[in-house]
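Data block below; observations after.
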Amino acid sequence: MVVKVFVVDDSAIVRQALAHILAGNAEVELVGSAPNPMLAMEAIRKSAPDVLLLDIEMPGMDGLTFLRQIMSTNPIPTVICSTLSTEGSKVALEALSAGAISVMAKPKLGLKQYMEDSRRDMILALKTAARSRPRVRTSATDPAARAITVRAPVLSSIHAFAMNKPVVMGSSTGGTQALELVLTSLPGDAPGIAITQHMPEKFTAMYAQRLNGLCAMQVREAKDGDRLERGLALIAPGGLHMQLRKAAGQYYVHVVDGPPVNRHKPSVDVLFKSAAEVAGRDALGIIMTGMGDDGARGMKSMHDVGARTIAQNEETCVVFGMPKEAIKLQAVDDILPLEHIARAILQFDSRA
């Protein structure tokens, strides 16, 4: 399958550089380009691309507004390529929340050479996006809109001193949106959750901060030694692995450097395998949307020691890669749509 790509970028130099990169690969085809969203709309309807490669900062209508418009009517897998995406940019995270499949940074200087050096990553991002299935996003289903009525950070007396049965979650492509939906659906006294989401360094702190403002639970980037408490979700820092540990009856996280596992750091397998070792059947493991197989073997380890394991179903995944591989290994107890995962967490928590 040849991936048809449409580029929207106000820089003629960028459009030329991208055309050169895509022309050198038999797996992708540039079917059109435009300097701004207004000119792109009609051309996109005619060319029917598989993937959009979209800049953010453009005159007239900015890329983020255009992305939200697309995702609310006729979703097209979109890769953001923008100078605004560097240093864990807030705009980049807003783009991911709005439905972008991935974000790539481009420098303000040395652009042509950067594009050439990034050829492999660019092609991989476009091919991954083409295999994704973005969902229509409306104000009624937007977690950010719903979170206002959900927020309730005070712990209930029923759960305040209950034993925390840890929940571990792993995701990749499409996971920023999926995690947002799950976490904003949970009450402020939900069980402690440790999360590994494939994200670059410096993105995770800002992502956690964003979720903390939307969720009834507290959400923060994990630090080594943080205790996993009720009403708290800890997100593995980009560029570091996170493991679950237990001491004196309490769970905490160990944040550590090390080589990539399954090409990722943080790796879902690292978190899941540690949960199998220290929590055993007391843990709940959830694997969600993402490319590749990271987390599948770790979930198998959890399943083999009696932990409850859940995979997101194919219909609601942006990319049905990681859950599919876990299912293949017979590591999954239940396969659930994204909208049912929060309920499953609360049902697990209420189990005697």
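Laboratory data are not the source of any read-out in this text; all were calculated from the coordinates shown. Only a predicted model underlies this, so the values are computations on that prediction, with no experimental measurement involved. In this analysis, Cβ positions are derived from the backbone assuming ideal geometry, glycine residues included, and neighbour counts consider all displayed protein chains.
Okay, here's what the table says:
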| read-out | value |
| --- | --- |
| Dimensions (Å) - the chain, Cα atoms, principal axes, largest first | 61, 40, 35 |
| Electrostatic dipole magnitude of the chain [Cβ: Lys, Arg +1; Asp, Glu -1; Cα centre; debye, to 20] | 300 debye |
| Cα-Cα over 19 Å, subset of LYS265/LYS324; LYS106/LYS202; LYS4/LYS106; LYS106/LYS265 | LYS265/LYS324; LYS4/LYS106; LYS106/LYS265 |
| Farthest positive-ward along the chain dipole, Cα basis, beta-carbon charges - from VAL318, LEU181, SER274 | SER274 |
| Residues of type aspartates and glutamates that LYS246 reaches as a straight line, Cα spacing below 15 Å, ignoring anything fewer than 8 places off in the same chain | ASP224, ASP226, GLU229, GLU277, ASP282 |
| D_trans [Stokes-Einstein, Kirkwood Rh over alpha-carbon pairs] for the range 143-349, 4 °C, 1.567 mPa s, µm² s⁻¹ | 79 µm²/s |
| Ordering of 21-28, 35-42, 205-212 by burial proxy (mean other Cβ atoms within 10 Å per residue, highest first) | 205-212, 35-42, 21-28 |
| Sites GLU339 and ALA23 - FRET efficiency at Förster radius 56 Å, r taken between beta-carbons, to 0.05 | 0.85 |
| Charge-dipole axis of the range 3-130 as Lys and Arg at +1 and Asp and Glu at -1 on Cβ define it, positive-most pick from ALA17, ALA100, VAL28 | VAL28 |
| Charge sum, other residues only, whose C-beta stays under 10 Å from ALA311's C-beta, Lys/Arg counted +1 and Asp/Glu -1 | -3 |
| Ranked list, fewest to most other Cβ atoms within 10 Å of each Cβ, for LEU181, LEU329 | LEU329, LEU181 |
| Approximate spin-label separation ASP117-VAL2, in nm, with each point projected 7 Å along Cα-to-Cβ | 3.1 nm |
| Amide H contacts under 5 Å for SER33, placed H, 5+ residues apart | VAL7 |
| Normalised contact order of the chain, rounded percent, pairs of Cα under 8 Å and 6 or more residues apart | 12 percent |
| Calculated SAXS-style log₁₀ I(q)/I(0) at q = 0.10, 0.13 Å⁻¹ - the range 3-130, Debye, Cα scatterers | -0.26, -0.44 |
| Residues whose placed amide H lies under 5 Å from that of THR309, excluding near-sequence neighbours | GLY285, ASP333, ASP334 |
